[in-house]
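Peer 1: So that we are looking at the same thing, I have put the structure below in structure tokens.
The values are calculated or read from the model by the stated rules, or taken from the named source; none is laboratory data. Every value quoted in this text rests on a predicted model; they were computed, and no experiment measured them. Quick reminder, even Gly has a Cβ in these numbers, built from the backbone with ideal geometry, and neighbours come from all protein chains shown. Note: areas computed on protein heavy atoms with side chains; ligands, DNA, RNA excluded. Shrake-Rupley method; radii C 1.70, N 1.55, O 1.52, S 1.80 Å.
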Amino acid sequence: MIVKICGMREQETLDTAAACGADMAGFIFARSSPRALRPAEAARLDTGVMRRVGVFTTDSQEEILSAAALARLDLIQLHGGQPDALVQALARTFGAERLIRVFWPQRYTDRKELERDLRKAAPDVGYFLLDAGRNGGGHGSALDAAFLAGLESPRPWLLAGGLNCANVADSVARCRPDGVDFNSGLEYAPGRKNPALIRAALSALGKLGT
């Protein structure tokens, strides 16, 4: 089970997440987000063994690649509904296996339509992330588990949207994702992660101490 914690801004919580067994740390580079930080700020943060993920909403390939280099990113997460042409260009330059592309299931009335779009996008990405809402992220609302149960995805996919230490185990059991993405559910204020909630969430997934 891949565990990603997004919206990371502080060394203390990064240290906690790494010690508890998280796999990925997400840095948000969307300027409108209350969790945003600059690439230079991310560069100064140590993620330990966790893979470094940059979250972008821009359509500028130059801006994305520049930030990826400065912040020493392992993965790029495209969270802005970016056009296929940009995704394909980044796959060629940064590597398809290092791209996470976001889809919003609530845009779809039929799961087969979502699965069709996932198959179409699969050659150019390494992972999918399915988020709540119809755009953006960090809403704190959850996805419909019944809609996602039995989802056929050609790439590993991460479940996002309203996950916290109280509901994550049940959400995983019902949706069967390859991973989960925490954000606002582990905070005591926007952009301020709570170390105790991080430990509780990783414990709920059986990751603590592994």
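Peer 1: Which members of the stretch 75-102 meet the condition of being exposed (fewer than 15 other Cβ atoms within 10 Å of the Cβ) and more than 16 Å from Asp117 (Cα to Cα)?
Peer 2: Passing the criteria: Arg92, Thr93, Gly95, Glu97.
Peer 1: Any idea which of Ala40, Ala69, Ala17 is of a type in the set (A, V, I, L, M) and without any contact (Cβ under 8 Å) to a residue 24 or more places away in the chain?
Peer 2: Only one candidate passes the filter, namely Ala69.
Peer 1: Then there's this: Select from the stretch 151-171 the residues that are in contact (Cβ under 8 Å) with a residue 40 or more places away in the chain and over 15 Å from the mean Cα position of the chain (by Cα) and list them in ascending order.
Peer 2: Across the stretch 151-171, the qualifying residue is only Leu151.
Peer 1: Give me a count of the residues in the stretch 103-116 that are open to solvent by 50 Å² or more (accessible area, probe 1.4 Å) and in contact with a Lys or Arg (Cβ under 8 Å, 6 or more places away or on another chain).
Peer 2: The total comes to 2.
Peer 1: Related question: Only residues that are buried (at least 22 other Cβ atoms within 10 Å of the Cβ) and modelled with pLDDT under 95: list them for the stretch 19-62, please.
Peer 2: Of everything in the stretch 19-62, just one residue is buried (at least 22 other Cβ atoms within 10 Å of the Cβ) and modelled with pLDDT under 95, namely Arg35.
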